[in-house]
Amino acid sequence: MRDDPCPCGGGAYAACCGPYHAGGEAPTAEALMRSRYSAFARADASYLIRTSHPHLRARTSVRDLQPSFAAGWCGLEILAVVDGGPGDRTGEVHFRARHRTGMLEERSRFVRATDGAWLYRDGLGTVSG
């Protein structure tokens, strides 16, 4: 539905992360991080694999992502953003994501692909609960 709220908290899904999930490119590292969070909440494995760095794509399958889909994601808080803008080659987003039984806090690192698309490279995180 057009007015359904986006899981990332950025407004209506159709105007927030929906266009990226449908094939559009996120313009910033933060937009990609938010859209990846929404993809976890919506169990969109193909988007998560497509927006991962090639070194992760080679090691990630839909089966690998299943436990994360079952977590019951219920809130995202952006704590800090370093670079990751339209003119940058790298970026970092520090966030906290709540799920049914706890929380994940991570500093995700992003890089630009040769075609200009942002990709998730890796992250340093802690899980509670």
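Build a GNM of the chain with springs between Cα atoms under 10 Å: which of Thr101, Thr90, Thr51 gets the top mean-square fluctuation? Sorting by GNM fluctuation, first place goes to Thr101.
For region 3-129, a simple Cβ point-charge model (Lys and Arg +1, Asp and Glu -1, everything else neutral) yields a dipole of about 380 debye relative to the Cα centre.
Which residues does the label zone of Arg112 cover in region 29-55, counting backbone N under 16 Å from a point 7 Å along Cα→Cβ? Counting backbone N atoms under 16 Å from the label point, the list is 29-32. Please label the shape of the chain as rounded, prolate or oblate, based on the square roots a ≥ b ≥ c of the eigenvalues of the alpha-carbon gyration tensor (a/c under 1.5 means rounded; beyond that, a/b larger than b/c means prolate, else oblate). Rounded, since a/c falls under 1.5.
In percent, rounded to a whole number, the relative contact order of the chain is 21, using alpha-carbon pairs under 8 Å and six or more apart.
Read-outs: derived from the displayed coordinates by stated rules, not from any lab. Fair warning: this is a prediction, and the values are worked out from it, not measured in the lab. So basically every Cβ, Gly included, is an ideal-geometry build from the backbone, and we count neighbours across all protein chains shown.
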